[in-house]
Amino acid sequence: MGFLENLKSFDIPTCLRVCAGTDGSVTFLLEIMTKHPTAVVTEYQHIIPADEHMADIFDVDVGADINERVVTLTAGDVPYVHARSLSAIEKMPEGVRCDMMKADIPIGRILRDHDIETRRDFENIEILEETPLFGAKKVLSRSYRIVHHNGVLMWINEKFPVDDRWCL
């Protein structure tokens, strides 16, 4: 099954289905749905060397600098999304690179502020039952690539708790 068929098959709240299925900004959708500003809380961010898999994703050499960032998106003090992003430093436009290093700016806002035209290519979506998140026993996990000028600018994995916080 493809991404969309998998998503439609999940028994999850509609607001979660919308956030997990968007090819736009989850941060923006959370603000609309919750009526609260969405905060990006950075757990960590650092530069790591590209392994073979990362080098393949970004078309860079093994060992190239990769920015790894792990954040939680909250709205109204409720955590909604746990996200890990990878981006190849050498592939990022200069202004985007500077803002990405500032940690607590949402990726969608960075791309919008710099007028970067992108598309999101979905890779995988699944329900995880053995990986609790924010108190929820089930978690929806999706991975995708943000593509700019036919090259991968970022790889992102987002995890959403599957529970009633999405019944907005």
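Here, each number is a calculation from the coordinates, and none is a lab measurement. Note that the structure is predicted; figures quoted are calculated from it, not measured. Here the Cβ is made from the backbone with ideal geometry for all residues, glycine too, and neighbour counts use every protein chain on show.
Quick notes
- Per-residue Cβ neighbour counts within 10 Å put Thr27, Thr14 in the sequence Thr14, Thr27, beginning with the fewest.
- In the chain, helical runs assigned H by DSSP with n ≥ 4 each contribute -39500 (n - 2.57); averaged across all residues and rounded to the nearest 500, the mean residue ellipticity at 222 nm is -7000 deg cm²/dmol.
- Dipole-positive endmost among Asn6, Ile156, Leu30 within the chain (Cβ charges, Cα centre): Leu30
- Value of D in µm² per second that Stokes-Einstein yields for the chain, Kirkwood Rh from Cα pairs, at 10 °C (1.306 mPa s): 97
- Fewest-first ranking of Leu140, Leu111, Leu168, using other Cβ atoms within 10 Å as the exposure measure: Leu168, Leu111, Leu140
- A simple rule links phi to the HN-Hα coupling: the Karplus curve 6.51 cos²θ - 1.76 cosθ + 1.60 with θ = phi - 60°, which for segment 19-27 gives 5, 6, x, 5, 9, x, 7, 5, 4 Hz, with x for Gly and Pro.
- Loop-located chymotrypsin sites (Phe, Trp or Tyr not before Pro) in segment 25-105 (DSSP state other than H, G, I, E, B) with a sparse environment of at most 10 neighbouring Cβ atoms within 10 Å are absent.
- Taking Lys and Arg as +1 and Asp and Glu as -1, the other residues whose beta-carbon sits under 14 Å from that of Val70 total -1.
- For a straight C-alpha distance cut-off of 14 angstrom, the aspartates and glutamates reachable from Lys8 (same-chain residues fewer than eight places away being disregarded) are Glu126.
- Alpha-carbon centroids, segment 20-80 and segment 103-160: separation in whole Å: 6
- About the Cα centre, charge dipole magnitude for segment 3-166 (Lys/Arg +1, Asp/Glu -1 at Cβ), debye: 580
- Prolate/oblate/rounded call for segment 1-97, Cα gyration tensor, a/c under 1.5 rounded: oblate
- Among Val62, Val81, the ranking by other beta carbons within 10 Å of each residue's beta carbon, starting with the fewest, stands as Val62, Val81.
- Relative contact order for segment 3-166, counting Cα pairs under 8 Å that sit 6 or more residues apart, in percent: 22
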